[in-house]
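*Asks:* My questions will all concern the structure given below.
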Amino acid sequence: MKFKLFYIALFISSVCFGQKINSEEILIKNDSIELPGTLSFSNTKTPLVIWVHGSGNVDRNGNQAGVNIKANYIKQFRDKINTENIAFFSFDKRTATKRNFIFLKNIKFNAFVTDLNLVINHFKNDTRFTEIILAGHSQGSLIAMLASKNVERYVSIAGPAISIDKTIIQQITAQSADFGKVAEAHFKELFETGDIKEVHPLLVSVFAKQNLPFLVSWAKYNPSEEIKKLTIPVLIINGTKDLQVKIEDANALHNANLSSELVIIENMNHVLKIIEKEEDNMSSYYSPDFAISEKLIATIVAFIKK
């Protein structure tokens, strides 16, 4: 497989919070997969944060087409972190780009790690930046762990602590103990035979045949084991209003790597917004009107600059 790197010669300057921000569009290609992204910075000789997405068809701004998720949380993170004299790069995940759909039929989890390694390799020798920090969000927490060999710092934001099969079983069990048992049996059959002969009709969205190879490839990784291997500085962050990843996961990751820093942010949810009313939690997924957590930004800035 050939790996190719392409650049779009488009440089944009803008003013954000009274500060001039330079923006550069970069297209990275992993063979036939296109990964267009945006690099933004106020000055050179600064640290660079590379954002690593959660699951779904997430674009560089933190939005998802088709499911109407328009939280814009990555764009909000970019705008805040740039004002702290820290550069930022985020890209459209391979599942976010329509151009890539034809190549995604047999995708395996490690493909996301390969994509990220290409991004890291591009910036590794860029003398404009003093160090690389990976900020892995949700599913991206594990992806960033697996790709952190050649970076200086690692941040886990709302990262699960257990393998995806156990996570799915827990989530389904929370809704129905009986269906949780069915899901557990499905995973057992999948791991033993490579297939599920008869999927329960109400669990087809999880165990659809086209999803099975990806689930198997993802489930072989246990984040609590992988984080033990990291020797670089580690920061673990979770919010108390996160509906998808609980603070128990953050505690478990920290306990697996006791040299890490752990910060729990009051009232922050999974898309990094501060939620005062419970009814606003899900609403914040579909609207950019909710502000990103200021404590999240301050915590990460302090971790980078210490």
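*Asks:* Of the residues Q170, Q139, only one is under 15 Å from D249 (Cβ atoms), out of contact with any strand residue (DSSP E or B) (no Cβ under 7 Å at 6 or more places or on another chain) and not assigned by TED's automatic domain parsing to the domain that holds Q244; which?
*Replies:* The unique qualifying residue is Q170.
*Asks:* Which condition number does V182 fail, the rest of (1) in contact with a His (Cβ under 6 Å, 6 or more places away or on another chain); (2) modelled with pLDDT under 95; (3) not basic (K, R) being met?
*Replies:* The number of the failed condition is (2).
*Asks:* Can you pull out every residue in segment 176-235 that is among the acidic types (D, E), closer than 18 Å to Q139 by Cα and without any contact (Cβ under 8 Å) to a residue 40 or more places away in the chain?
*Replies:* E225, the sole residue that qualifies.
*Asks:* Wholly within segment 47-154, which helices (runs of 4 or more DSSP H) include no fewer than the required count, namely at least 2 residues that are more than 17 Å from P223 (Cα to Cα) and either among the acidic types (D, E) or in contact with a Gly (Cβ under 7 Å, 6 or more places away or on another chain) (or both)?
*Replies:* Fully inside segment 47-154 and qualifying: 73-82.
*Asks:* Pull up segment 256-306, narrow it to residues that are out of contact with any Ser or Thr (no Cβ under 9 Å at 6 or more places or on another chain) and among the aromatic types (F, W, Y), then point me to the one that is surrounded by the fewest Cβ atoms within 10 Å (Cβ to Cβ).
*Replies:* Y286
The values are calculated or read from the model by the stated rules, or taken from the named source; none is laboratory data. Bear in mind the structure is a predicted one, so any value in this text is a computation, not a measurement. Neighbour counts are summed over all protein chains in view; Cβ atoms, including those assigned to glycine, are modelled from backbone coordinates with ideal geometry.
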